[in-house]
Every structure is written in C-alpha cells, then in structure tokens.
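J.: Quick one: the structure is below, questions incoming.
The values are calculated or read from the model by the stated rules, or taken from the named source; none is laboratory data. Fair warning: this is a prediction, and the values are worked out from it, not measured in the lab. Heads up, the Cβs are rebuilt from the backbone with ideal geometry, glycines too, and the neighbour counts pull from every protein chain shown. With ligands, DNA and RNA removed, areas are computed over all heavy atoms of the protein, side chains included. Shrake-Rupley method; radii C 1.70, N 1.55, O 1.52, S 1.80 Å.
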Amino acid sequence: MTVGLVIWGDGYRSRWRPLLDLTAPVGAAGPPLAIFKRRFEGIPGVEGPVVLLPDRVEDAPLVEQARGLGLPVETYPWAEVRSLPWWMCPERWGMEDDAGLGSWAGGPLAEVTRRRKWKTLIVVPLTNLLVDRAGLEASLALHRREGFNVTLSFDRLLGANWSIFEAELLQGLQASHPDLMATAGGLVWMLRKPLYSFPIGEFHAPRDRPRLPADLRLVGRRAWLTLERSQGPDFGRREFDYVGWLHRSGWEAHWCDQGPRRVVIEPTNRCAARCVGCPQPVMQRPRGDMAAAAFRQYLEGLGPSFDGRFVFSGMGEPLANPALGEMIEALRGWPTLLCTSLAVPPAESFPWTALTQVRLSVDAVERQGFEVMRPGCDWVAMEKFTAWASERKAAAPDEFPDLGFSFVKHQRNGAAARAFLQYWEKVGTPLFKSHFFRWPLTDPPDKVQWAQILGFSDFLGQVPWLGETRFCPVKRRPCLHALQGLHILWDGTVTACPYDFEGKWPLGHLREQTAAELWAGDRAREFRRRHLALEFPEGSPCGSCQDWYHRA
C-alpha cells in the first residue's frame, strides 16, 4: 500500500498538568490504542494503524500494549529530538497546538515513510481521541483530488485534528533541512512560514465550529474526565462521528463543571490614575486591599485538580497592594499574568520571575497621547521598565516573564491604533505569526513579545459607550467569562463577570465557601447552564451584554 496511517505518541508532555497514563482505559471505550485500532483498521488502500513512539523508557508500556493489540510499532531515537526553549513554546501562552507547532519533529515522520515505502502519510496523535474515521477518509480524498503536499484538518477542537503529508515532501525537507526536521516544531514552522511554495490544503467542518475553545487532547485530567462522561456508545467504534458528538454529547457542561480555566484576581480596587474609559473613579463599593493570608486561603480552596491560569487585574492598580509580591510568589510555577500601568513603582525585590507574562496598558503610541489617555500613570517609568525588562529577558529568556503592550481602542485614540501596531511590529515578532519558532534557537527574544488592540467595554451598560468599533460578532455565542472564569474581588466576593465593577451580580463569597465549592454549587452550575443554552433571566445584564466576545 502507498498510504500509511501512524498513531503518533509524539513525546508531548504538558508543563502545567500531571502526566497521564495513556495505557489506561478512557471510560467504557477502553485505552486509546484499542479505540484507534477499532476506528482505523481496514480503511481501503491504507496500511495501519502503525504506532510511532520515542524509544524512551517511560513509553515502553505503550509499546508493549500496542504489540499486545496486534498493532505494528515503530520507534525513533528520542535523544536526537531537539526541544524548543520554554519561552518559545505555545503552551507557555495557553495556546497549545495539536498540529505539532511546539512538539512535532519531522525527522521521525520522514524516516517511517522511507522504511515502509509509503508515498502518503496520515498522522493521528495518540492524544487525539476525537479524530473520526469518516472525516479522515474524506480529507484523504480531498488531499488526493487537489494534489496537496500537506492537508490539515481545521475548525475542530484540539484533540480532533490530524494531518496528511506526502512522503516526497517529508524526505525532501529531511535531506535539505535535517537540523529543522530534528527540532520540535520545526516541520510545522517550515510549512506555516512557509520556506517554499508548498500546496497546503485545509479540510473543514463547515458550520460545525465548536462554541467553546477547549483542549480535549489527553494531556490533562479535565479532558480525560470530559471524554469519559460524554463519549456515548459509538465512541470506541469506527462509527464514531465527531460532528454528531460535538452537538449531542453535552461535553461543554462536563468540561466547564470541572473548575475554572482562568482565575482573575483583583488585589486592590485602589488607583490614583484616571484613565479614559475606566469606571474606577465613579465606583461606589468600598476601596481596599486583598490580604496575603486571604489570598492563600482562596488559592487552597481551588483544590488539587485545578488546571487553569491566573490573572492579576481588576478595578485598581495591582501594584498598589503592598502584598502583591507575596501573592505572586505563592503562584511560582503556575501560568500567571500581571496587568499593570506601573502607576505605583514596584519594590526592588518584586518577584518578576514568578510571573509568566506582564502586560503594560498604554492606549497610546507616544508620551503626549499617553498622558492624555492615562493621567496619573508614568510614561518615563514605562520606558525604564521596558529597557530593564528587555535586558533581563535576553539574559534569562526561560525564567523572565514575557512583556506585552495593550491599547484599548475608543473614540479618542482610535486614529492612533494602526500606528501602535506598526510601531510594535518593528520591535517584536507578532505573536500569532511566527513568534513560536525562530532560527537559530539560540537567538535572544525580541525586546517586547507581543502587542494587542483591545475592544472598549461599556461594563454591562454601566458606563457611557466611547468605543469606535463594535467587535462582537452578529451571532451570539456562550460567554467564556461566564463559563470558564472565576473573578475574585479584593474582599473575596466572586462575581459572574469581570465587567461587573460594582459587584452587583455576585455568585458567592469566599468567606462562606471555597472556590471549588462555589464553582460546583447549584447557583454557579445553573448560571453556566443558562449561558450554554443562551437563556438569560430577566434583570440579568447578560442578555444585552456587548462584552461577551472578549478573549483573554
């Protein structure tokens, strides 16, 4: 046969999540290799599935299980694969990719096609239990008909994607760029860059794009439990249908019920600045600071299964809380973002290396505009910090946080938005283009890692609309803030929405229950159920909200 299908255990290991045992059964459907054997055996004109694994000791149980199932096994030398530096990895940004952007090395794929004399290779990652046979066969027909060198599935959840490569392409790249093919992420970078004019195709699932972005690869317990509880009778069989599962399995509720994906912490609601569009000056609730002891209690209350990210933001300048450094230090090892305008100078001992990202809010391109948009903030402090942080980042790119700048676009500064992006594109590589791969890997990071335009908020209709552009799409979707965010005000009040700056619509209080208990409680579950059904009770601001589209 000229077409081969490999189930690739590509060596991906999440930095943030505990390692899973991929030999264990996923509910009634059985272990992943058994599921794939039943789904993909006997595809006309396709040899396989063949299991492709690194030759590491920890992967030996998978090799043994594959052979016990009667599946052929190919191994490749893990010692020859070069990993990306941590600061380049998509996972660092919560942007994991199941097409190999940060994990696949192309060399093993080129070698398996050479050894088995395949002309075309279908690659299904071992972690991707949502790949369906019918979709795969249809994409292969598209690949052949259009004469693509590469075909990628598109518009699917992470964990539902696969890729098709022509062996001639893989072996040609191996011959001409063996260094890149030996580097995790190198193959996909060459295709996306692209280095050459490859005919690249995409296999779509029209009108069936998932409503929630979710990583349902088997790289975390949340995905494992979601698939266990939503699989249905056909999940472990060749009849499994991704589109049917997407709309009928109820996976969204299972995914969301297991805990927040993003915890937004308001260290304080005190701020001396008077930024255009910020409701802080008219806020009526009492001003105060979150205590470090209370924060540690809230943190413990998330429970041992929490797998999300942390954001320090809210209706005040986080650095105005003198205990902020202690709070951030308690999160060392977790993905953590600090949003600040440096309106308060940080202490010399501030634990910057405990953070993953720092976002500076400027809303302007130059000092004069900044002082109009953000009176009370310090442009000179921003310049000094940027120079200092860039030096630190260059010296220790994996340890020091990534630095970015944000621009909230509204009627008074909209004319400067394009200049803002043009300026920062000269300073750093745009994050969503080729930030995640550069060659050689020893090159230092850019001065600044990203810059972004943010939409204006009317804070649930509580402040006048000053926006220049309504970014929200025409068709309403469930709100990620409601379904995946836990928003903790300085006094422990948990609000349903980050734009509820007065705390008018609380879900509960962390003095009375832990964060895990609150999330699993009837009130929070009913709130999420209504959002998934797009049912909003009378008197709720959610029905007329213009901010649901915002993404972190």
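J.: How many angstrom lie between the C-alpha centres of region 95-118 and region 238-285?
T.: With region 95-118 and region 238-285 each reduced to a Cα centre, they are spaced 35 Å.
J.: With angles folded into 0 to 90 degrees, how steeply does helix 379-395 sit against the dominant principal axis of the chain? Use alpha carbons for both and round to 10.
T.: Value to nearest ten degrees: 30.
J.: Could you list the GluC sites (Glu not before Pro) in region 1-95 that lie in coil according to DSSP, counting only those with at most 16 other Cβ atoms within 10 Å of their Cβ?
T.: For GluC sites (Glu not before Pro) across region 1-95 that sit outside H, G, I, E and B with at most 16 neighbouring Cβ atoms in 10 Å, the list reads 41.
J.: Please work out whether region 3-249 counts as rounded, prolate or oblate from its C-alpha gyration tensor, where a ≥ b ≥ c are the square roots of the eigenvalues and a/c under 1.5 means rounded, while otherwise a/b larger than b/c means prolate and anything else oblate?
T.: rounded
J.: Which residue, chosen from 130, 204, 83, occupies the Cα position most advanced towards the positive end of the dipole of the chain, where the dipole is computed from +1 (Lys, Arg) and -1 (Asp, Glu) charges on Cβ about the Cα centre?
T.: Going by the charge dipole, the pick is 204.
J.: Is the chain best put as rounded, prolate or oblate by its Cα gyration tensor, with a ≥ b ≥ c the root eigenvalues, rounded for a/c under 1.5, and otherwise prolate when a/b is larger than b/c, oblate when not?
T.: prolate
J.: So which trypsin sites (Lys or Arg not before Pro) in region 452-501 pass both tests, a DSSP loop state and at most 10 other Cβ atoms within 10 Å of the Cβ?
T.: 475
J.: Once the mean 1/r over all distinct Cα pairs of region 193-266 is inverted, what Kirkwood radius in angstroms do you read off?
T.: Mean inverse Cα-Cα distance, inverted, gives 14.9 Å.
J.: Still on this structure, I have one more. Enter the accessible area per residue of region 1-121 (Å², integer; probe 1.4 Å; all protein chains in place).
T.: That works out to 40 Å² for each residue.
J.: Here's another thing I want to ask about it. Can you tell me what the convex hull of the Cα atoms of region 66-166 projects to on average, as an area in nm²?
T.: Its Cα hull, projected and averaged over all orientations, spans 8.0 nm².
J.: Sticking with this one: Can you tell me the dipole magnitude for region 343-450 around its Cα centre, using point charges on the Cβ only (Lys, Arg +1; Asp, Glu -1), in Debye to the nearest 20?
T.: 400
J.: What size of dipole, in debye to the nearest 20, comes out for region 3-249 about its Cα centre when the only charges are +1 on Lys and Arg C-beta atoms and -1 on Asp and Glu C-beta atoms?
T.: 340
J.: Once you keep just the Cα pairs under 8 angstrom separated by 6 or more residues, what percentage relative contact order results for region 3-249?
T.: So the answer I get is 26 percent.
J.: Right, next: Decide, for region 122-168, between rounded, prolate and oblate: order the square roots of the alpha carbon gyration tensor eigenvalues as a ≥ b ≥ c, take rounded if a/c falls under 1.5, and otherwise choose prolate if a/b is larger than b/c, else oblate.
T.: prolate
J.: Gap in Å between the Cα centre of region 177-202 and the Cα centre of region 1-53?
T.: Region 1-53 and region 177-202 have Cα centres spaced 24 Å from each other.
J.: With axes computed from alpha carbons, what is the tilt in degrees of helix 133-146 against the longest principal axis of the chain, rounded to the nearest 10 within 0 to 90?
T.: 80
J.: Taking the Cα centre of the chain as origin and charging only Cβ (+1 Lys, Arg; -1 Asp, Glu), how large is the dipole, in debye to the nearest 20?
T.: For the chain, the charge dipole is close to 900 debye.
J.: Could you work out the relative contact order of the chain, using alpha carbon pairs under 8 angstrom and six or more residues apart, expressed as a whole percent?
T.: 13 percent.
J.: Something else about it: Just the number, please: percent antiparallel of the DSSP beta bridges in the chain, rounded to the nearest 5.
T.: Just about 20 percent of them are antiparallel.
J.: Which angle from 0 to 90°, rounded to the nearest 10, does the C-alpha axis of helix 221-230 make with the longest principal axis of the chain?
T.: For 221-230 against the chain, the angle is about 70 degrees.
J.: Could you pull out the GluC sites (Glu not before Pro) across region 297-383 that fall in loop regions by DSSP (anything but H, G, I, E, B) with no more than 14 other Cβ atoms inside 10 Å?
T.: Loop-located and lightly packed - 348, 366.
J.: So, one more: In deg cm²/dmol, rounded to 500, what helix-only [θ] at 222 nm does the chain give when every DSSP H run of at least 4 residues adds -39500 (n - 2.57) and the total is split over its residues?
T.: Rounded to the nearest 500, it is -8000 deg cm²/dmol.
J.: Quick test of your reading: applying the under-4.7 Å Cβ rule, which cysteines of the chain are isolated?
T.: So, 89, 256, 271, 339, 377, 472, 479, 497, 542, 545.
J.: Sorted by average packing, counted as other Cβ atoms within 10 angstrom per residue and highest first, what order do 330-338, 521-529, 265-273 take?
T.: Descending mean neighbour count gives 265-273, 330-338, 521-529.
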